[in-house]
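**Student:** I'd like to ask you about the structure that follows.
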Amino acid sequence: MAMMTPNLQATDCSNLIPSLTSLFPPRLLHRPLSLPHSRFISKASLHHPSSPPSSSSSPPSLVNRRQIISQTASLSLSLATLSSLPLPAKSEEVLSEWERVYLPIDPGVVLLDIAFVPDDLNHGFLLGTRQTILETKDGGNTWTQRSIPSAEDEDFNYRFNSISFKGKEGWIVGKPAILLYTSDAGESWERIPLSAQLPGDMVYIKATGEKSAEMVTDEGAIYVTSNRGYNWRAAVQETVSATLNRTVSSGISGASYYTGTFNTVNRSPDGRYVAVSSRGNFYLTWEPGQPFWQPHNRAIARRIQNMGWRADGGLWLLVRGGGLFLSKGTGISEDFEEVPVQSRGFGILDVGYRSEEEAWAAGGSGVLLRTTNGGKNWTRDKAADNIAANLYSVK
């Protein structure tokens, strides 16, 4: 799941289910350049036009010696000239900004989220299934298994879905319902009790300030706390299922087939949310102060895979089977245009923006794409081409 402040989600490639968190803070990989193989130069030199013609008045042995001397001089000159000239750049020699990091986890573990402590960017945590929590204190180069006693009191095999830090305060949510809180940058974690009546499973949490956080369930419930999680206030008045049942006649295509859960949910820096329905047939948005989620028809024929926010405040949208769309303008919109990408026929699963101009996209079979002009053009990074796995998330 760098940092980009995007920071990218991978498991062992033998199980074909890692995510981009196997690729961590960007580092340059230094590769020495080499001269072209000398045999190609010698072939050109053997047909050099300066080779003297044979003379009928000269002995055959003398003619051959002269030709050999001439050809040898031409070859030496060619080598000397080439060694003094800069070599042309080749696309396969472009240095990648990613390197793979191997993790001490079981083959069946799926990685789900990653976060670093803002006050110490070398200190971070990586979450996954099977109660997996990994910790690094060297910027992601090495990771160790982390045990949290308060999360091991019961015979549950927790799936840790989301982690977020604000200063030294951090939050973790998982399934079955579990909430962990730290005030010392993760040196110790406290378990916060939760009501068993929560609608849905907690899939996302965001640290928003001192002792404050927002928590989202897969049924669209949003809860806010400002006192370290001891009390939570509902930010929306009903679940998404209830909203759609009330508005099923509003013209939202596919609402009658809605199963009541989100496939993905993403939050913008200013607190707006966009979520994709579990079937991918429409999407929903929510802004602070709104009592309900707002459903939107998709303008694309294919079902939606994932959606999120660009650094300029606009939306990006991925469709199943491959395809990247960007909304026109900023803010919430239903008007999208497709952007051509070189995904080699594999679907794209996530996009992460580092700035308004630079972003990365990740997808099936090790697809890594980069843009440096706000998403208008994308180029492929070959760093993960040899990893037989899907890259699920980039942050």
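The values are calculated or read from the model by the stated rules, or taken from the named source; none is laboratory data. What you see is a predicted model; the values in this text were computed from it and never measured. Counting neighbours? That spans all protein chains shown, and the Cβs are built from the backbone with ideal geometry, glycine included.
**Student:** Residue under question is Leu369, and the condition is that it be within 16 Å of Leu318 (Cα to Cα) and either touching a helix residue (DSSP H, G or I) at 6+ places or on another chain (Cβ under 7 Å) or modelled with pLDDT under 90 (or both); does it hold?
**Tutor:** no
**Student:** What residue, among those in segment 112-145 that are part of a strand (DSSP E or B) and aromatic (Phe, Trp, Tyr), is farthest from Arg159 (Cα to Cα)?
**Tutor:** Phe116
**Student:** Given the criterion of a type in the set (S, T, N, Q) and over 17 Å from the mean Cα position of the chain (by Cα), identify the matching residue among Ser355, Ser343, Ser333.
**Tutor:** Result: Ser333 is the single residue among Ser355, Ser343, Ser333 that is of a type in the set (S, T, N, Q) and over 17 Å from the mean Cα position of the chain (by Cα).
**Student:** How many residues does segment 86-134 hold that are among the acidic types (Asp, Glu), surrounded by 15 or more Cβ atoms within 10 Å (Cβ to Cβ) and modelled with pLDDT of 85 or more?
**Tutor:** Going through segment 86-134 one residue at a time, the tally reaches 2.
**Student:** A further question on this structure: If you check Ile332 against the conditions, is it modelled with pLDDT under 90, in a loop (DSSP other than H, G, I, E, B), of a type in the set (A, V, I, L, M) and more than 23 Å from Ser268 (Cβ to Cβ)?
**Tutor:** no
**Student:** Please state which of the following conditions Gly347 fails to meet, knowing it meets all the rest: (1) at negative phi; (2) surrounded by fewer than 14 Cβ atoms within 10 Å (Cβ to Cβ).
**Tutor:** Of (1) at negative phi; (2) surrounded by fewer than 14 Cβ atoms within 10 Å (Cβ to Cβ), only one is false for Gly347: (2).
**Student:** Report, by residue number, each residue of segment 339-355 that is farther than 19 Å from Val274 by Cα and not basic (Lys, Arg).
**Tutor:** Val339, Pro340, Val341, Gln342, Ser343, Gly345, Phe346, Gly347, Ser355, listed by residue number.
**Student:** A further question follows. Which number in (1) within 13 Å of the chain's Cα centre (by Cα); (2) crowded, with 22+ Cβ neighbours inside 10 Å; (3) within 21 Å of Tyr204 (Cβ to Cβ) marks the one condition that Leu315 misses?
**Tutor:** Only one criterion in (1) within 13 Å of the chain's Cα centre (by Cα); (2) crowded, with 22+ Cβ neighbours inside 10 Å; (3) within 21 Å of Tyr204 (Cβ to Cβ) is unmet by Leu315, namely (1).
**Student:** Has segment 254-268 got at least one residue that is modelled with pLDDT under 90, part of a loop (DSSP other than H, G, I, E, B), of a type in the set (Phe, Trp, Tyr) and surrounded by 15 or more Cβ atoms within 10 Å (Cβ to Cβ)?
**Tutor:** Within segment 254-268, one or more residues are modelled with pLDDT under 90, part of a loop (DSSP other than H, G, I, E, B), of a type in the set (Phe, Trp, Tyr) and surrounded by 15 or more Cβ atoms within 10 Å (Cβ to Cβ).
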